[in-house]
1. With θ taken as phi - 60° and the coefficients 6.51, -1.76 and 1.60, list the Karplus ³J(HN,Hα) couplings across segment 62-74 in order, rounded to whole Hz; mark glycine and proline as x.
2. Where does the longest stretch of the chain lie that holds no GluC sites (Glu not before Pro) found in a DSSP loop with 16 or fewer other Cβ atoms within 10 Å?
3. Enter the angle in degrees (range 0 to 90, nearest 10) between the Cα long axis of helix 78-96 and the first principal axis of the Cα atoms of the chain, meaning the one along which they spread out most.
4. Given springs between every Cα pair under 10 Å in a Gaussian network model of the chain, which of Gln65, Gln103, Gln93 has the largest fluctuation?
5. Can you give the calculated 222 nm mean residue ellipticity of the chain, where each DSSP H run of n ≥ 4 adds -39,500 (n - 2.57) and the sum is split over every residue, rounded to the nearest 500 deg cm²/dmol?
6. Run the simple label-point estimate for Ala72 and Leu101 please: 7 Å along Cα→C-beta, distance reported in nm.
7. Between Ser45 and Glu22, what FRET efficiency comes out of the Förster formula 1/(1 + (r/R0)^6) with R0 = 22 Å and r the beta carbon distance, rounded to 0.05?
8. Need one word for segment 42-85: rounded, prolate or oblate. Basis is the Cα gyration tensor (sqrt eigenvalues a ≥ b ≥ c); a/c below 1.5 gives rounded, then a/b vs b/c decides.
Amino acid sequence: AVLKKRLVKLVVNFLFYFRTDEAEPIGALLLEHCRVTKEEENVFSISFIEEPERKYCFECDSEEQCQEWVEALKRASYEFMRRSLIFYRNEIQKMTGKDPLEQYGISEEARFQLGAHKD
């Protein structure tokens, strides 16, 4: 394994990485169908279902920073956001009796329904 110092930036479900002396990213990881794992103190990894043998390891400056990255990355996937939308939509509907997405004309949209996706 080759260790390289990189700066990283999380934007929605992309983790961009940069050389420390450049403003443009040299690459990005799409955080879908991936596993974020705490490896050891200050270190976590990202691996993908399609390529489980390949692992991207990241070392943080502190244990607290490492935990923050792990939590943020676990919440960054489309699937997590979809499940959160469904959960909060249902909770708001229970509390108010109204579908919060109705005003946007997507209340009947099948892709947001609970039963529409098989896990």
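The values are calculated or read from the model by the stated rules, or taken from the named source; none is laboratory data. From a predicted model like this one, the values you see are computed outputs, not experimental measurements. Backbone-built Cβ (ideal geometry, glycine too); neighbour counts: all protein chains shown. We work out accessible area using only protein heavy atoms, side chains counted, and drop any ligands, DNA or RNA first. Shrake-Rupley method; radii C 1.70, N 1.55, O 1.52, S 1.80 Å.
1. 8, 5, 4, 5, 4, 5, 4, 5, 4, 5, 5, 5, 5
2. The longest uninterrupted stretch comes out as 51-107.
3. With rounding to tens, the tilt is 30 degrees.
4. Gln103
5. -8500 deg cm²/dmol
6. Each label point lies 7 Å from its Cα, and together they span 2.8 nm.
7. In this case the efficiency is close to 0.35.
8. Here segment 42-85 falls in the oblate category.
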